[in-house]
Amino acid sequence: MISVRSLSKRHGTRMVLENVTAEVAKGETIAIVGPSGGGKSTLLRCLNYLESFDGGEIEVAGITLRPGMGSREASTLRQLRTRVGMVFQQFNLFPHLSVLDNITLAPRVVRAKPSADAVRHARELLDRVGLGDRGASFPHELSGGQQQRVAIARALAQEPAVMLFDEPTSALDPEMRDEVMGVVKDLATGGMTMLVVTHEMQFATDIATRVWVIEGGTIAEDGPPAQVVDAPRTAVAREYFGRMKRRRV
Amino acid sequence: MPHRPRTFVAAALVACATVGLAALLSCRSEPPGGTLARLQQRGEITWGADIQGGEPFLWEDPADPSKIVGFEVDIMDALARRLGVKQRFKQYNWSNLVPSLERGDFDIAMNGLEATAERAERILLSRPYFVYAETLAIKKGARYRTLADLAGKRVATLNQTYAHDLLRDAAVEIVLYEGNEEPYLDLENGRVDAVLLDNVIADRYGCNRATVTCLPGDVARGTYVIGIRKNDPELKLAIDAALDAMVADGELERILTKARLWDARQTEPPPPLPALSATRPRSFDGNQVRLFLSATVVTLGLSLGAFLLAVPIGLLLAVARVYGGPLASGAARVYIELFRGTPVLLQLYVIYYGLAPYYAFGPVEAAILGLGLNYGAYEAEVYRGALSAIPRGQSEAARALGLSPWQSLRDVLVPQALRIALPPMTNDFVSLLKDSSLVSAITVIELTKRMTIAGAELRGWLVPGLACAVLYLALSFPLSELARRLERRLSRDQRPLTL
Ligand SMILES: Nc1ncnc2c1ncn2[C@@H]1O[C@H](COP(=O)(O)OP(=O)(O)OP(=O)(O)O)[C@@H](O)[C@H]1O
Ligand SMILES: [Mg+2]
């Protein structure tokens with residue numbers, strides 16, 4: 001489903017991603033962890049081309065991405081983004097639109113989906129994230145956890161093949177994290193291909209099929225949670241998980 | 001909601017009080033008489049005139065701009081010499097010469113002041129120093145021969161002139177200008193059918209144009225006189241005596257000949273003082289109310305039209321500034337600096353007169369275009385600020401959902417920007433309502449111009465000024481109220497902005 005080959009990216013002279021190569025099969029759930037500034041967000045943003053890169057190649061859901069794609073490849077990029085959904089740390093709901101309009105906007109505008117169909121689908125998705133009765137609300141009337149669930153429904157409305165989550169619970173109070181992670185778990189068990197940047201260790205150990213430790217612009221470790229979390233081989237991973245476990249206590 | 005009308009009434013009362021106070025201040029007691037004795041003691045006579053009147057009356061000497069020259073300066077020199085004093089020129093706006101004279105800002109007013117019955121009621125008029133003829137200018141080849149032929153046609157003249165009175169009595173559509181050159185420009189551009197002005201102006205600014213011809217035969221004759229305060233009869237006598245002497249010893253003829261103004265009319269018996277115009281309004285009656293209301297409609301229509309133009313222009317410029325490449329953003333900046341950095345009046349002139357050889361806009365079209373282009377530059381900066389205030393995550397989320405740049409502008413960014421921009425936009429519209437008064441320079445009669453006309457005709461500013469203030473408030477107050485409600489309703493869906 002996803003294939004990253006020798007991906008590299010720099011900001012100015014600093015290498016942010018260095019020769020990253022990885023494969024993700026359909027239905028896998030990858031938990032991405034690692035110290036701050038390691039390049040986790042950057043990798044995710046390259047996957048749906050929110051950011052361009054300097055070298056290598058990415059193949060996502062049948063679309064090939066190369067450095068320097070621009071307005072000439074606009075329709076390819078648009079197609080890419082309907083196949084790859086993204087959920088941000090800060091939700092980024094559209095404040096001037098109701099919950100229902102937030103969810104139906106992209107299907108109607110980008111895929112010219114008839115309004116009635118879009119609304120029907122949006123209501124199903126709202127039910128799925130446990131907000132079936134909040135379609136008419138505006139984002140500011142919702143708690144952070146509810147907003148993030150709407151953001152997930154909004155991304156799902158494009159019927160993507162891949163979902164990217166960049167620290168979906170980091171801006172939330174602990175009480176609200178579970179309701180959001182619950183939705184993410186449901187998606188994982190439902191067979192969605194997902195990459196989730198997270199500091200939630202429980203998610204990494206219990207739900208993820210694989211864990212990537214990203215540090216210094218490379219994937220330092222890549223393997224099933226039992227191996228990477230419980231018996232890390234690299235010093236970076238050992239240190240990172242050690243810190244995480246201490247924090248949980 | 002009974003408090004709303006009351007706030008409105010209160011606002012109107014404040015306006016009345018302001019206008020009333022201004023009127024009272026301008027009517028303070030007249031200076032005492034005996035000016036002749038005092039100015040001989042002072043050794044100086046001051047005279048009010050407007051240098052904008054230009055050739056041949058008075059203008060800055062091109063060789064020495066600190067000096068003014070002109071046949072009226074020559075006459076004043078001679079007059080002062082005969083009174084045994086020096087003359088000193090004081091610059092005043094022509095349309096304010098009479099009120100300023102009454103207020104005592106200078107001793108006499110002398111600047112192509114026509115002898116009319118209205119003026120004679122208000123101030124003392126000297127004996128004439130010049131006899132002029134109202135001259136009708138038409139386009140070459142046109143078949144009009146008299147004023148009567150022009151019934152229903154557009155005829156240009158200047159406000160507060162004898163020609164204006166003559167036109168009021170003829171059944172023509174009067175188009176009022178503020179400069180000597182512009183009526184003839186518009187005659188050439190085909191925006192008016194004829195121009196009626198005195199022969200001094202017509203000879204200098206009109207008759208010599210390639211496509212213009214001045215009809216032979218005087219439509220009417222009149223005289224230029226010197227204006228003196230009502231309570232200065234002895235000064236009037238002295239000035240009359242001096243002028244008589246200048247006629248007798250040929251000095252006046254020499255001055256007028258030097259200015260190429262001497263003609264046979266000067267030696268014929270002077271025309272009688274024209275009677276009070278029958279159609280001139282006497283009081284603020286139903287007809288005036290109608291005129292004011294239709295001027296209000298003009299002001300509102302102009303402002304709405306201009307704003308409807310300014311908003312899309314502003315949005316376009318702002319988007320080019322914020323999201324455009326160096327070329328688009330640079331071009332937008334040039335536009336904004338150009339239109340913000342130069343006076344609207346100049347822009348109106350360029351559009352109305354400057355572009356006339358290529359495309360002759362109607363006055364209202366030119367007004368809407370000029371104000372719209374100008375306000376577009378201001379709106380652009382408002383929207384630029386608003387767009388920059390939208391958190392980055394919004395456009396990223398739109399992009400991540402597959403929206404094209406245009407779609408994310410239309411559905412995500414611009415709606416949010418307009419919400420942020422609503423208060424400054426309301427502000428701009430209210431200021432546009434008032435700036436729209438500038439378009440009287442290109443002959444549109446809107447509310448402020450209607451007030452100045454009525455003020456001059458009724459010889460009182462209080463009632464027209466009040467009417468004008470109340471009508472402007474009646475336009476702007478409901479508007480800001482509407483904007484306030486809209487804002488309150490829209491702020492519903494605004495959460496604290498986060499990044
Ligand atoms: N626009 C930019 N200009 C310069 N450097 C940047 C820019 N964006 C990111 N970086 C750098 O790239 C590196 C990787 O950033 P990235 O956001 O991908 O890290 P991350 O692993 O997601 O960190 P965190 O856990 O804090 O979110 C960092 O060193 C960051 O400083
Ligand atoms: Mg990050």
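Read-outs throughout are calculated quantities, based only on the coordinates presented, and are distinct from any laboratory measurement. In this text, all values refer to a predicted model and were calculated from it rather than measured experimentally. Virtual Cβ from ideal backbone geometry, glycine too; neighbours counted across all protein chains shown.
Per-residue ellipticity at 222 nm for chain A, helices alone: DSSP H runs ≥ 4 residues times -39500 (n - 2.57), over residue total, nearest 500 deg cm²/dmol? Before the final figure, lay out the partial values.
Details: 9 runs with 98 residues, N = 249.
One gets -12000 deg cm²/dmol as the mean residue ellipticity at 222 nm.
When the label point is put 7 Å from the Cα of B:A360 along its Cα-to-beta-carbon vector, which residues of segment B:208-230 have a backbone N closer than 12 Å?
Answer for this model: B:211-212.
Work the Kirkwood hydrodynamic radius out for segment B:286-493: mean of 1/r over every pair of different alpha-carbon atoms, inverted, in Å. Could you put the intermediate results ahead of the total?
Numbers: mean 1/r = 0.0533 Å⁻¹.
Taking the inverse mean of 1/r over all distinct Cα pairs, segment B:286-493 comes out at 18.7 Å.
So what is the orientation-averaged projected area of segment B:275-373, using the convex hull of its C-alpha atoms, in nm²?
9.5
Under 5 Å between amide H atoms, partner at least 5 residues away or on a different chain: which partners does A:E51 have, H built in plane at 1.01 Å?
Counting only residues 5 or more places away or on other chains, the set is A:C46.
Any chance you could run the full-extension gain for A:T13 through A:T76? It's 0.36 nm times the residue separation minus the Cα-Cα distance, nm to one decimal. Provide the component values of the computation, followed by the final result.
Working: separation 63, 0.36 × 63 = 22.68 nm, distance 2.94 nm.
Result for the pair: 19.7 nm of gain on full extension.
At 27 Å minimum axial length over the Cα atoms and a Kyte-Doolittle cut of 0.0, report the qualifying DSSP H helices in chain B, or say none. Display every interim value, and only then the final one.
Working: long enough: B:3-26 (35 Å, 1.22); B:286-323 (55 Å, 1.55); B:363-389 (39 Å, 0.46); B:414-435 (28 Å, 0.35); B:462-491 (42 Å, 0.76).
Helices meeting the criterion: B:3-26, B:286-323, B:363-389, B:414-435, B:462-491.
Under a point spin-label approximation (7 Å from Cα along Cα-to-Cβ), what is the B:R333-A:M244 distance to one decimal in nm?
4.8
Run the dipole for chain B about the Cα centre, Lys and Arg Cβ at +1, Asp and Glu Cβ at -1, nothing else charged, and hand back the magnitude in debye, nearest 20. Before the final figure, lay out each step's value.
Values: 54 positive and 53 negative charges, 408 e Å.
That gives chain B a dipole magnitude of about 1960 debye.
Between B:Y132 and residues 5 or more places away or on another chain, which pairs have amide H atoms under 5 Å apart, with H built 1.01 Å from N, and which residues are they?
Those qualifying (amide H under 5 Å, at least 5 residues apart or on another chain) are B:G222, B:T223, B:Y224.
Within a 10 angstrom radius of each residue's Cβ in A:94-101, how many Cβ atoms of other chains show up on average? Whole number is fine.
On the way: counts 11, 13, 11, 5, 1, 0, 0, 1.
For peptide A:94-101, the averaged partner shielding equals 5.
Which FRET efficiency, nearest 0.05, do A:S52 and A:T21 yield, Cβ-Cβ r, R0 22 Å?
0.75
What is the antiparallel percent of DSSP beta bridges lying wholly in chain B, to the nearest 5?
Numbers: 22 of 37 bridges.
Close to 60 percent.
For segment A:51-156, what is the convex hull volume of its Cα atoms per residue in Å³?
On the way: hull volume 12.5 nm³, N = 106.
Output value, Cα hull per residue: 118 Å³.
When the convex hull of the C-alpha atoms of segment B:392-462 is computed, what volume per residue in Å³ does it have? List each step's numbers first, then the result.
Numbers: hull volume 8.0 nm³, N = 71.
Considering the Cα atoms of segment B:392-462, their hull volume per residue is 112 Å³.
Normalising by the residue count of chain A, find the relative contact order in percent from Cα pairs under 8 Å and 6+ residues apart.
Computed value for chain A: 26 percent relative contact order.
May I ask you to order A:159-167, B:480-488, A:188-196, B:387-395 by the average number of other C-beta atoms within 10 Å around their residues, highest value first?
Peptide ranking by packing, descending: A:159-167, A:188-196, B:387-395, B:480-488.
Return the distance in nm (one decimal) between the two label points of a simple spin-label model at B:T213 and A:A231, each offset 7 Å from Cα along Cα→Cβ.
11.3
In whole angstrom, how far apart do the alpha carbon centroids of segment B:99-126 and segment A:108-183 sit?
Cα centroid of segment B:99-126 versus Cα centroid of segment A:108-183: 79 Å apart.
Please compute the volume of the convex hull spanned by the alpha-carbon atoms of chain A and report it per residue in Å³.
On the way: hull volume 31.5 nm³, N = 249.
Measuring per residue, one finds 126 Å³ for the Cα hull of chain A.
Taking only the alpha-carbon atoms of chain B, what semi-axes of the equivalent ellipsoid follow from 5 times the gyration tensor eigenvalues under a square root, in whole Å, largest first?
Numbers: eigenvalues 529, 140, 97 Å².
After diagonalising the Cα gyration tensor, the semi-axes are 51, 26, 22 Å.
Relative to the longest principal Cα axis of chain A, at what angle does helix A:235-248 sit, 0 to 90 degrees, rounded to 10?
Value to nearest ten degrees: 50.
Please compute the contact order of segment B:104-221 in relative form: average sequence separation of alpha-carbon pairs under 8 Å and at least six residues apart, divided by the residue count, as a percent.
Numbers: 175 pairs, mean separation 41.4, N = 118.
Across segment B:104-221, relative contact order equals 35 percent.
Taking loop as defined by DSSP and a crowding limit of 14 other beta carbons within 10 Å, which GluC sites (Glu not before Pro) in segment A:1-99 fit?
Working: sites: A:E18, A:E23, A:E28, A:E51, A:E57, A:E59, A:E73; in loops: A:E28, A:E51.
When the GluC sites (Glu not before Pro) of segment A:1-99 are filtered for loop state and at most 14 Cβ neighbours within 10 Å, nothing remains.
At a Förster radius of 45 Å, what calculated FRET efficiency corresponds to the Cβ-Cβ distance of B:W59 and B:A148, to the nearest 0.05? Before the final figure, lay out the partial values.
On the way: r = 36 Å, r/R0 = 0.80.
With R0 = 45 Å, the Cβ-Cβ based efficiency is 0.80.
Given bins 10 angstrom wide, list per bin the percent of all Cα-Cα distances in the protein assembly as shown, short to long.
For the protein assembly as shown, the binned pair fractions read 2, 11, 16, 16, 12, 9, 8, 8, 8, 6, 2, 1, 0 percent.
Roughly speaking, what is the centre-to-centre gap between segment A:200-214 and segment B:197-234 when only Cα atoms are used, to the nearest Å?
96
Quick one: if the Förster radius is 22 Å, what FRET efficiency do B:L273 and B:D169 give, using the C-beta to C-beta distance and rounding to 0.05?
On the way: r = 16 Å, r/R0 = 0.72.
E between B:L273 and B:D169, to the nearest 0.05, is 0.90.
Among A:123-134, A:99-110, how do they line up by average Cβ neighbours within 10 Å per residue, starting with the highest? Numbers along the way, then the final one.
On the way: A:123-134: 16.7, A:99-110: 22.7.
Averaged packing, sorted descending, gives the order A:99-110, A:123-134.
Which lysines does A:K26 reach when only Cα atoms under 27 Å apart count, and residues fewer than 8 places away in its own chain are ignored?
In chain and number order, the partners are A:K9, A:K40, A:K113, A:K185.
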